[in-house]
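Enquirer: Sharing a structure here in structure tokens format.
The values are calculated or read from the model by the stated rules, or taken from the named source; none is laboratory data. Please read all numbers here as calculations on a predicted model, not as lab measurements. Quick reminder, even Gly has a Cβ in these numbers, built from the backbone with ideal geometry, and neighbours come from all protein chains shown.
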Amino acid sequence: MYDLIVVGGGPAGYISAERAGHGGLKTLLIEKASVGGVCLNEGCVPSKTLLHSAKIYDYAKGGEKYGVCCKEVSYDQDKVIDRKDGVVKKLVGGVKAALKANNVELLEADAHIKGKDKEGFLVEAGGQVYKAKYLLIATGSGVLVPPIPGLREGLDEGAVLTNKEILSLREIPESLVVIGGGVIGLEMASYYNSVGSKVTVVEMLEKIAGQNDEELSRILQGNLKSKGIEFILGAKVTKVDGNKVVFEKEGKEREVSGSKILLSIGRRPTTEGIGLENISVNMKRGAVVTDEQMKTNIPGVYAAGDVNGKSMLAHTAYREGEVAINNILGKKDIMRYQAVPSVIYTHPEVASVGETESTAKDKGLDFTVKKISNNYSGRYMAENERGDGITKILIDNEYDRIIGVQIIGSYASEIIYGAGLMIETELPVGDIKELVFPHPTVSEVIREALFS
Ligand code: NAI
């Protein structure tokens with residue numbers, strides 16, 4: 001008998017198992033593939049490893065501008081993939097060690113929830129039935145495959161790839177068609193463009209980078225276009241035929257072909273085949289319904305991470321997992337989403353937290369926008385040639401608090417947490433202006449923007 005069984009060992013699952021073990025709960029974590037989940041094995045971490053190699057390559061190719069002459073620069077995708085596999089392996093080992101250090105039992109098997117008896121929940125895995133007082137569902141999400149004719153066949157035949165296969169290609173495709181100009185599509189478009197593929201992004205909306213600020217999306221598109229990526233916007237993919245992607249734009253049918261096609265039009269919670277029906281958990285639009293304490297409708301059953309469909313980001317999953325465990329341990333804790341940052345790791349990076357101009361307008365908020373060029377930062381100027389980076393800060397006029405920050409440019413991903421802190425702690429703008437930022441750093445643009 002366990003206190004807690006966690007089903008799924010991705011960011012939500014392994015962090016909550018660690019916290020539970022640390023808090024003294026007898027915990028079993030069941031994972032059918034590799035601990036670390038999509039993020040560590042075929043998402044966040046491998047993509048960042050690849051993008052780092054591409055960044056070095058970009059700098060080397062353009063080194064002359066910086067007074068560095070690299071006459072013959074070459075790229076070895078095989079080595080890059082080997083290095084990526086090595087990074088993933090080390091981190092998976094790290095997660096396993098952390099689980100062990102926190103007394104968590106790890107079972108690598110397919111889990112199936114069987115139901116409940118008087119003492120607790122029953123979960124079958126690897127031919128045995130395990131029992132626990134509490135259950136945490138952390139089964140994550142899978143690739144969304146819409147019913148587009150030819151798509152399923154393309155995936156089966158290998159002409160169409162998902163985030164999983166695209167991160168392990170040992171040969172750089174001559175051309176790549178990306179279906180969906182969201183986070184995965186843009187990061188992979190940026191990578192394969194840098195390493196030599198002819199990349200075309202087909203996006204249904206009139207803008208790339210979906211929920212991001214309009215102006216930042218435009219700057220990102222312009223920047224990537226100048227590097228050779230082609231964008232076809234307002235184009236709904238209607239058919240895949242071998243290596244051809246057929247789409248509808250302005251009422252006309254057109255097509256584009258590529259040696260490989262990437263499918264990146266979103267993900268959906270993994271809720272099938274795990275036996276949720278056996279405990280009658282409430283579902284809505286394919287996701288497990290949770291409250292702010294990550295509780296489901298069934299007492300003792302919690303859900304965290306992509307499976308609840310709320311934010312679909314690894315860093316949210318970590319915190320949701322912690323919130324669930326704190327509540328199990330009797331420490332009331334709630335999940336707040338207003339200061340969850342989001343990042344696109346293209347080159348340049350885009351980072352955002354809180355409201356954008358359009359969400360603030362939709363909510364009828366009274367706000368001021370402070371906008372500044374990142375060229376105000378000496379470090380940004382010292383390191384960047386193009387100089388198209390900007391920072392936008394939204395200030396609530398009534399409370400004089402920051403309600404949103406968007407940054408495009410180098411280091412955006414590392415700076416944004418500070419902005420999140422300012423939003424979450426509701427720090428008065430006057431107090432932020434009195435803070436001393438390290439100089440020269442790109443982060444100074446936040447302070448400077450407030451004086452503009
Ligand atoms: P996404 O939701 O970011 O973007 C999907 C895009 O596909 C949208 O712009 C949508 O308009 C477009 N689209 C939908 N149907 C289409 C059609 N028939 N034809 C053309 N375009 C179409 O989804 P994505 O990029 O697959 O990412 C999945 C999830 O993974 C997201 O929730 C994302 O937050 C997460 N993720 C986060 C990363 C990060 O934080 N850096 C990195 C990678 C993924």
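Enquirer: Thr391 is checked against (1) in contact (Cβ under 8 Å) with a residue 60 or more places away in the chain; (2) surrounded by 21 or more Cβ atoms within 10 Å (Cβ to Cβ) and fails just one. What number does that condition carry?
Expert: (1)
Enquirer: Among Ile219, Ile208, which is the only one that is near the ligand (Cβ under 10 Å from one of its atoms), under 25 Å from Leu313 (Cα atoms) and either in a helix (DSSP H, G or I) or not assigned by TED's automatic domain parsing to the domain that holds Gln77 (or both)?
Expert: Ile208
Enquirer: Across the stretch 174-191, which residue is surrounded by the fewest Cβ atoms within 10 Å (Cβ to Cβ) among those that are hydrophobic (A, V, I, L, M, F, W, C), assigned to a helix (DSSP H, G or I) and more than 6 Å from the ligand (Cβ to nearest atom)? Quick ask: steps written out before the conclusion?
Expert: Taking the stretch 174-191 first, the residues hydrophobic (A, V, I, L, M, F, W, C) are 176-179, 183-184, 186, 188-189.
Narrowing further to those that are assigned to a helix (DSSP H, G or I): 183-184, 186, 188-189.
Next, from what is left, pick out any that are more than 6 Å from the ligand (Cβ to nearest atom): 186, 188-189.
On the way: Leu186: 29, Met188: 25, Ala189: 27.
Out of the qualifying residues, it is Met188.
Enquirer: Another question, if that's okay. May I ask you to list the residues in the stretch 276-293 that are among the hydrophobic types (A, V, I, L, M, F, W, C) and in contact with a Gly (Cβ under 6 Å, 6 or more places away or on another chain)?
Expert: Matches in the stretch 276-293: Ala287 only.
Enquirer: For residues that are small (Gly, Ala, Ser) and over 23 Å from the mean Cα position of the chain (by Cα), scanning just the stretch 403-452, find the one that is nearest to His347 (Cα to Cα). Walk me through it before giving the result.
Expert: Filtering the stretch 403-452 for residues small (Gly, Ala, Ser) gives 404, 409-410, 412-413, 418-420, 430, 443, 449, 452.
Going one step further and asking which of them are over 23 Å from the mean Cα position of the chain (by Cα), we end up with 430, 449, 452.
Working: Gly430: 33, Ala449: 23, Ser452: 27 Å.
Selected residue: Ala449.
Enquirer: Pick from Glu171, Glu124: which is outside any helix (DSSP H, G or I), acidic (Asp, Glu) and either out of contact with any helix residue (DSSP H, G or I) (no Cβ under 8 Å at 6 or more places or on another chain) or crowded, with 16+ Cβ neighbours inside 10 Å (or both)?
Expert: None of the other options fit; the residue is Glu124.
Enquirer: Can we say Ile30 is part of a strand (DSSP E or B), in the same structural domain as Ala132 (by TED's automatic domain parsing) and either farther than 16 Å from Leu136 by Cβ or among the β-branched types (Val, Ile, Thr) (or both)? I'd like the intermediate steps shown before the answer.
Expert: Working: part of a strand (DSSP E or B): yes; in the same structural domain as Ala132 (by TED's automatic domain parsing): yes; either farther than 16 Å from Leu136 by Cβ or among the β-branched types (Val, Ile, Thr) (or both): yes.
Yes, satisfied.
Enquirer: So if I check each of Tyr380, Tyr345, which one is aromatic (Phe, Trp, Tyr) and closer than 22 Å to Cys44 by Cα?
Expert: Working: Tyr380 fails: closer than 22 Å to Cys44 by Cα.
Being aromatic (Phe, Trp, Tyr) and closer than 22 Å to Cys44 by Cα holds for just one of Tyr380, Tyr345, which is Tyr345.
Enquirer: Could you grab me the full set of residues in the stretch 229-288 that are on the phi > 0 side of the Ramachandran plot and either in a strand (DSSP E or B) or touching a residue at least 12 places away in the same chain (Cβ under 8 Å) (or both)?
Expert: Within the stretch 229-288, Gly234, Gly242, Glu250, Gly266, Gly273, Gly275, Ser280, Arg285, Gly286 meet the criteria.
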